[in-house]
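Just below is one structure, and these are the notes that go with it.
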Amino acid sequence: MEVDRINNKDTVITIGTFDGVHIGHQKIIQRLIEVGKTKDLTPTILSFFPHPRMVLQKDANIKLLNTLEEKKNILKQFGLDNLIIKKFTQEFSRLTAEEFVETVLVKQLNAKYIIIGYDHQFGRNRTANINDLKNFGNQYGFEVEEITAQDIDDVSVSSTKIRKALTEGDITTANNFLGYPFIISGTVEKGKGLGRTINFPTANIAVSEDYKLIPKQGVYIVKTNINNEIIYGMMNIGTNPTVNGKTQTIEVHFFNFKNNIYNQEIKIELLQRLRDEQKFESIDALTEQLVKDKNNALRYINTND
């Protein structure tokens with residue numbers, strides 16, 4: 001996915017991980033697109049993968065709101081087609097600020113205009129700041145626009161706050177900060193088939209990217225688009241304790257849907273959290289609760305979506 005040049009076209013660029021592409025990010029994207037139109041530049045986001053913390057701090061525990069594919073698709077929905085992913089390595093982290101500017105921004109990406117936060121730091125040991133970038137702009141022929149502290153604070157949203165909300169099961173806050181429903185993408189796999197025996201067949205969703213954040217265990221109201229049809233359902237994230245399950249699974253029961261979708265890639269949008277996962281005394285008690293969950297979900301869908 002790494003790209004060296006964009007058709008030799010001059011670019012307007014911003015730099016960052018853009019994890020979640022939340023409402024704060026969307027403000028920057030709108031500005032990128034606006035500048036691109038007025039100055040005839042290609043709006044571009046330069047991002048890095050793996051996350052720098054995974055490489056520099058060996059922080060394998062950090063979970064991200066988007067997979068690379070999800071991020072690319074969300075950006076496209078907001079009108080931005082050029083997401084440049086630069087592989088982040090120890091070697092790359094040792095580039096000086098000037099080497100980064102000259103090699104990546106100027107020579108590879110033809111940057112003519114850079115939009116950056118007032119507190120952005122870059123280069124080896126993150127020693128360079130926006131003033132250094134402006135000086136490099138004079139030297140290498142690009143303009144720098146500062147995103148002010150006020151602009152950033154006005155939104156007061158961060159990917160960290162969204163991650164915290166999701167791990168606490170607060171999907172409403174997470175979705176408000178994102179500006180769209182949180183997404184889980186994966187492949188539909190065969191499960192143990194218990195759901196089918198109690199009239200609640202489920203699609204098991206396998207998420208291949210281990211860095212993807214999975215929200216707090218529990219039951220959620222969800223929707224998806226399958227073959228251009230909007231399908232609603234309810235999803236359980238958990239271990240199925242009623243049948244002494246040990247491994248966490250993600251299972252979705254779709255309402256009024258019978259098609260075979262095994263091995264299909266699907267995107268699940270989380271709308272609302274219904275309850276915690278719990279262990280029931282019997283399969284009958286579990287079934288009774290699932291009927292209540294479905295009724296609650298349908299009520300929510302009819303009222304809100």
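Each reported figure results from applying straightforward, stated rules to the coordinates on display, with no laboratory input. All values derive from a computational prediction rather than experimental measurement. When we count neighbours, we look across all protein chains shown, and the Cβ atoms used for this are built from the backbone with ideal geometry, even at glycine.
Brief remarks follow.
- Label point distance in nm, N263-K279, each placed 7 Å from Cα along Cα→Cβ: 3.8 nm
- In the chain, the DSSP-assigned H stretches of four residues or longer account for a calculated mean residue ellipticity at 222 nm of -9500 deg cm²/dmol, using -39500 (n - 2.57) per stretch and the full residue count as denominator.
- Couplings 3J(HN,Hα) for region 233-242, derived from phi with the Karplus relation 6.51 cos²θ - 1.76 cosθ + 1.60 (θ = phi - 60°), are x, 10, 10, 10, 9, x, 10, 6, x, 4 Hz, where x marks Gly and Pro.
- The alpha-carbon atoms of the chain, seen along their principal axes, cover 73, 39, 35 angstrom, with the largest extent given first.
- Cα shape, region 187-250, gyration tensor, a/c 1.5 rule: oblate
- Distant-in-sequence amide H partners of L274 (H built 1.01 Å from N, under 5 Å): V219, Y220, I221
- Cα-based radius of gyration of region 74-118 once divided by 2.2 N^0.38 Å, which approximates compact folds: 1.36
- Extent along the principal axes, Cα only, for region 125-255: 69, 33, 27 Å, with the longest axis given first.
- Cα gyration tensor shape for region 239-283, rounded if a/c is under 1.5, else prolate or oblate: prolate
- Beta bridges per DSSP with both ends in the chain, % antiparallel, nearest 5: 60 percent
- Candidates K86, K223, K192, ranked by Gaussian network fluctuation over the chain, Cα under 10 Å, top entry: K192
- Anisotropy class of region 1-121 from Cα gyration tensor, a/c 1.5 cut: oblate
- Put simply, the amide H of K86, placed in the peptide plane, has neighbours under 5 Å in S47, F48, F49, leaving out anything fewer than 5 places away on its chain.
- Above-threshold pairs, the threshold being 22 Å between Cα atoms, out of K27/K76; K37/K112; K223/K294; K76/K258; K39/K134: K76/K258
- Close amide H pairs (under 5 Å, H built 1.01 Å from N) link E143 with Y113, I114, residues at least 5 positions away or on another chain.
- Couplings for region 69-81, taken from phi via the Karplus curve 6.51 cos²θ - 1.76 cosθ + 1.60 with θ = phi - 60°, read 5, 4, 4, 4, 5, 5, 4, 4, 4, 8, x, 10, 8 Hz in order; Gly and Pro are left as x.
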